[in-house]
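The next block holds one structure in the form of structure tokens; read it before the comments.
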2 protein chains.
Amino acid sequence: MNGPIQESTLQEMIEGLRRFGADGRGVTRLAYGPAWCEAQRWLDSRARELGLDCTVDPGGNLYAHPPGLEPAAPVILTGSHLDTVEQGGAYDGAYGAVAGILLAAMGLGSGGIPVVAYVSAEEEGSRFASAFLGARSMLGMAEHADLDSTQDSAGVSWRAALEFARERGCASPVHAGPRPFEPLFRPRMELEAHIEQGPVLEAEQKEIGIVTSIIGFRRVEIRITGEARHAGTTPMAMRKDALVAAAECIWSAEVLAIEHGDPAVATVGRAEARPGAFNVVPGECELRLDARHSDSAVLGTMLSELEKRFRAIAERRGAKLDWKPVSSHAPVAMSADMITEATALAGEMVFSFKKMVSGAGHDSMIFAGQGVPSMMVFAPSHRGISHHPDEFTPMTELWEGVRFCHALLARLARRDAMEGAK
Amino acid sequence: MNGPIQESTLQEMIEGLRRFGADGRGVTRLAYGPAWCEAQRWLDSRARELGLDCTVDPGGNLYAHPPGLEPAAPVILTGSHLDTVEQGGAYDGAYGAVAGILLAAMGLGSGGIPVVAYVSAEEEGSRFASAFLGARSMLGMAEHADLDSTQDSAGVSWRAALEFARERGCASPVHAGPRPFEPLFRPRMELEAHIEQGPVLEAEQKEIGIVTSIIGFRRVEIRITGEARHAGTTPMAMRKDALVAAAECIWSAEVLAIEHGDPAVATVGRAEARPGAFNVVPGECELRLDARHSDSAVLGTMLSELEKRFRAIAERRGAKLDWKPVSSHAPVAMSADMITEATALAGEMVFSFKKMVSGAGHDSMIFAGQGVPSMMVFAPSHRGISHHPDEFTPMTELWEGVRFCHALLARLARRDAMEGAK
């Protein structure tokens, strides 16, 4: 690859990356699989062509960094993930991964803190039910036991999947000692470029999003039990219809989220009424509820209020309600200093921007959770479509994001150096 | 069998019949199957022990009648069906079928019009998607083409199923001429005893229900198409959530039926939101709607109003709505004369009774539709449970129903004879 890094470089690498995927619509690149391995090797060779050196770690994460970098040296980490959901798009993860390599190759000039790109494994949790395996291993957070207990739907362990990747040069051997993973560099901060995966930036005609926090979520499985009865012979007043009770709950969840205002969201993603026939009043209905907020206390309030409302609906209808929390993640704040610098920079660069909450989880969440100052920059997502073959962002908008990130890294590095000098 | 026909006779035959069924919970006796054939042969032998003669017709319907009955003679038909739904109960159909045989055996005294019991095939439509095959064939309503086009889920045709039954003595050969089925007797009227399959008689502490009409139904498959989006990144105001739209529709169907008052019912028996994950706003939801009323015009109004409300909900939410009517049956009035006599009789016999609409379809509907004066007598259903192993009615209550039917047939026969003499 010749010439300066520019929009066409970004385009060539994102278009190149989308070719690596399983058959079918969109891009399916499950972590550690054959297509994923090929994609990682291709990125490795591209990064080398841009003058970088590459290293893989035992978790299958790729680092592209200036040649001769001391492992113990403090660095700025920037990147995103290589894996996709099934039949996903060409931008989710890929954008930040490619942007990271370009930013590392552009560097911050001689004497500046090195910029190291990371291309992480299994952020989505599409192959292994456990998301963020890559980022967690990058930060030394995974145990030997996890390597065997974490299995995909076919029963293949994380250990075996890593061995498959290692045979293809996509991972280094796990450490034999007490900790299978150790951080490879000392990140002073972390920056992740990503598509928004929502409709807000496009709708509000903003060029970039400065992410102030990553939303927390709570997930609950709910079962409403009424009485299955003949749909013809059971008068309306004598029914305990589990689906109508569920319908009231579904609607009330929407109302509650609207009452709380952005960034509160509440979604019932699944409803299954049984037995499911035309002529039987449903006796049972299962719901999957996902509620999110950037403020942990507000999220807690939302959940208790949802449970209270759901229970009141079921009780009024003579139905039984089981409320089973199944997973949760606390909200994570992005670095206040980085947000301040990013906001000031966007003003100086005359970027139209929005300070916003990320409604989805990202690798940055894991870094921030381990105390690494972290931030994300969002590019708009056309019509908010993501995790779908139609996922799209115009290349110009993606390139603006890279330009912004480069200026931001330079500014942050200067500040970091000044503070170090104090 | 010796001695007079009494409650223990009814009990013995209903308990006897429940033994004939496929393995599994409850009673599974699908039309023309092995268990069904054995059950029919057992009823045949029981009826003969009660002094009756038995005849099967080409549709697999069994008639138990006084010996030496002229086929062309006018008769009173009374009975019900032998088949059950899968994992059904011991009373649905069985009650009226056994009651019919007892009523035929009890007779109406010398010189009265003969009472002929019928035990019909495939009323439920559990084996063949087409319900009332037995009653329809009894009335000569089925064609040769139906014999081949009507198939069960395994691809076995009605013709082949009848052949299986015929080999076991459970059907006579279909007629070779232009019409495969011809009525075997000339029914002056038809009476069907049945369990209510609903909770009303028990709740209102009535001993019997006098059915004034059989409800009509209209069934619609509805598809709501919104936009599948990320549940975390899509603000509430920017969603087109197909499931929340569906929830509003489900609730509004309940509200509409309540507004119309009994006997109006509206049921969404099935709801399926896609893709069905925690973290995706549902982009599509399918519903199955069943609405019923005893008045055809009111039913029509209900359906247009339901469609109007559903469409308004979808439109307000920016979703698309497909409304696909899939089946319907017009309401059928029971014989006004029979209702008058039954009401007067119940008063005289000091029976607590309720004139009511049947919310489910029954063989009587087919007879009435062909111009045969028809009526049904309901016995209470404990907790309204039917089509379920827990289906139950105390034997005493079932026997009261038989006593009432016997008195009613005698009264109707006297009236019929008087009118004939006029």
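Brief remarks follow.
- Top-ranked residue in the stretch A:367-397 [being assigned to a loop (DSSP other than H, G, I, E, B), under 14 Å from A:Glu196 (Cβ atoms) and among the small types (Gly, Ala, Ser); ranked as modelled with the highest pLDDT]: A:Ser381
- Qualifying position, being in a helix (DSSP H, G or I) and farther than 22 Å from B:Trp158 by Cα, among B:Arg48, B:Arg41, B:Arg25: B:Arg48
- Within the stretch B:308-339, the set of residues being closer than 16 Å to B:Ala242 by Cα and touching a residue at least 12 places away in the same chain (Cβ under 8 Å) comprises B:Arg309, B:Phe310, B:Arg311, B:Ile313, B:Ala314, B:Arg317, B:Gly318, B:Ala319, B:Lys320, B:Leu321, B:Asp322, B:Trp323.
- Taken together, A:Arg288, A:Arg309 contain a single residue that is surrounded by fewer than 23 Cβ atoms within 10 Å (Cβ to Cβ) and in contact with a Gly (Cβ under 8 Å, 6 or more places away or on another chain), which is A:Arg288.
- Here B:Arg219, B:Arg274 are screened, and the one residue that is of a type in the set (D, E, K, R) and either on the phi > 0 side of the Ramachandran plot or more than 7 Å from chain A (Cβ to nearest Cβ) (or both) is B:Arg274.
- Within the stretch B:56-85, the set of residues being out of contact with any Pro (no Cβ under 6 Å at 6 or more places or on another chain) and surrounded by fewer than 17 Cβ atoms within 10 Å (Cβ to Cβ) comprises B:Pro67, B:Gly68, B:Glu70, B:Pro71, B:Ala72, B:Ala73, B:Pro74.
- The set of residues from the stretch B:82-97 being modelled with pLDDT under 95 and acidic (Asp, Glu) comprises just one member, B:Glu86.
- Top-ranked residue of the stretch A:369-385 - restricted to ones that are in contact with a Ser or Thr (Cβ under 7 Å, 6 or more places away or on another chain) and more than 14 Å from every other protein chain (Cβ to nearest Cβ), ranked as farthest from A:Arg403 (Cα to Cα): A:Pro373
- Considering the stretch A:389-422, and only residues there that are crowded, with 20+ Cβ neighbours inside 10 Å and within 14 Å of another protein chain (Cβ to nearest Cβ), the residue that is nearest to B:Glu227 (Cα to Cα) turns out to be A:Glu391.
- Test: residue in the stretch B:281-291 that is touching a Phe, Trp or Tyr at 6+ places or on another chain (Cβ under 6 Å), within 14 Å of chain A (Cβ to nearest Cβ) and free of Cβ contacts under 8 Å to residues at least 40 places away in the same chain: no
- Of all residues in the stretch A:148-165, those that are among the acidic types (Asp, Glu) have Cβ atoms under 6 Å from Cβ atoms of residues that are not in a loop (DSSP other than H, G, I, E, B), 6 or more apart or on another chain, in A:Asp148/A:Ser157; A:Asp148/A:Arg159; A:Asp152/A:Phe128.
- Residue under evaluation B:Ile210, criteria (1) aliphatic (A, V, I, L, M); (2) more than 10 Å from chain A (Cβ to nearest Cβ); (3) in contact with a Pro (Cβ under 9 Å, 6 or more places away or on another chain), criterion not met: (3)
- The set of residues in the stretch A:292-312 that are within 13 Å of chain B (Cβ to nearest Cβ) and closer than 21 Å to A:Met334 by Cβ comprises A:Arg292, A:His293, A:Ser294, A:Leu299.
- Test set (1) out of contact with any helix residue (DSSP H, G or I) (no Cβ under 6 Å at 6 or more places or on another chain); (2) in a loop (DSSP other than H, G, I, E, B) - B:Gly60 fails condition number: (1)
- Residue match in the stretch B:179-196 (condition: touching a strand residue (DSSP E or B) at 6+ places or on another chain (Cβ under 6 Å), at the interface with chain A (Cβ under 10 Å from one of its Cβ atoms), modelled with pLDDT of 95 or more and within 26 Å of B:Tyr91 (Cα to Cα)): yes
- Test: residue in the stretch B:347-366 that is over 26 Å from B:Leu139 (Cα atoms), in the same structural domain as B:Glu15 (by TED's automatic domain parsing) and part of a helix (DSSP H, G or I): yes
- Checked against the criterion of being more than 22 Å from A:Asp416 (Cβ to Cβ), β-branched (Val, Ile, Thr) and assigned by TED's automatic domain parsing to the domain that holds A:Glu15, the stretch A:81-94 contains one or more residues that satisfy it.
- Options B:Gly232, B:Gly155; residue that is of a type in the set (Gly, Ala, Ser) and over 30 Å from A:Val280 (Cα atoms): B:Gly232
- Test: B:Pro394 is without any contact (Cβ under 8 Å) to a residue 40 or more places away in the chain, of a type outside the set (A, V, I, L, M) and in the same structural domain as B:Val200 (by TED's automatic domain parsing): yes
- Residue under evaluation B:Thr340, criteria (1) closer than 27 Å to B:Leu287 by Cα; (2) exposed (fewer than 15 other Cβ atoms within 10 Å of the Cβ), criterion not met: (1)
- Residue that is farthest from B:Cys249 (Cα to Cα) [pool: residues in the stretch A:253-271 that are at the interface with chain B (Cβ under 7 Å from one of its Cβ atoms) and β-branched (Val, Ile, Thr)]: A:Val265
- When residues of the stretch B:233-252 are limited to those that are farther than 15 Å from A:Ile250 by Cα and surrounded by 24 or more Cβ atoms within 10 Å (Cβ to Cβ), the one farthest from the other protein chains (Cβ to nearest Cβ): B:Thr234
Here's the yes/no breakdown for (1) of a type in the set (A, V, I, L, M, F, W, C); (2) in contact with a Lys or Arg (Cβ under 8 Å, 6 or more places away or on another chain):
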| residue | (1), (2) |
| --- | --- |
| B:Ile5 | yes, no |
| B:Ile14 | yes, no |
| B:Gly21 | no, yes |
| B:Ala47 | yes, no |
| B:Pro66 | no, no |
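- Matching option when the condition is surrounded by fewer than 24 Cβ atoms within 10 Å (Cβ to Cβ) and not assigned by TED's automatic domain parsing to the domain that holds A:Phe351, among A:Ala228, A:Ala203: A:Ala228
- Pairing each residue of the stretch B:344-368 that is away from every other protein chain (no Cβ under 14 Å) with any residue that is part of a loop (DSSP other than H, G, I, E, B) and of a type outside the set (Ser, Thr, Tyr), provided the two are 6+ apart or on different chains, yields C-beta distances under 6 Å for B:Phe351/B:Glu207; B:Ser352/B:Lys206; B:Ser352/B:Glu207; B:Phe353/B:Lys206; B:Asp363/B:Glu123; B:Ile366/B:Phe132.
The values are calculated or read from the model by the stated rules, or taken from the named source; none is laboratory data. On a predicted model such as this, the values are computed, not experimentally measured, just so you know. Glycine gets a Cβ as well: all are built from the backbone with ideal geometry, and neighbour counts include every protein chain shown.
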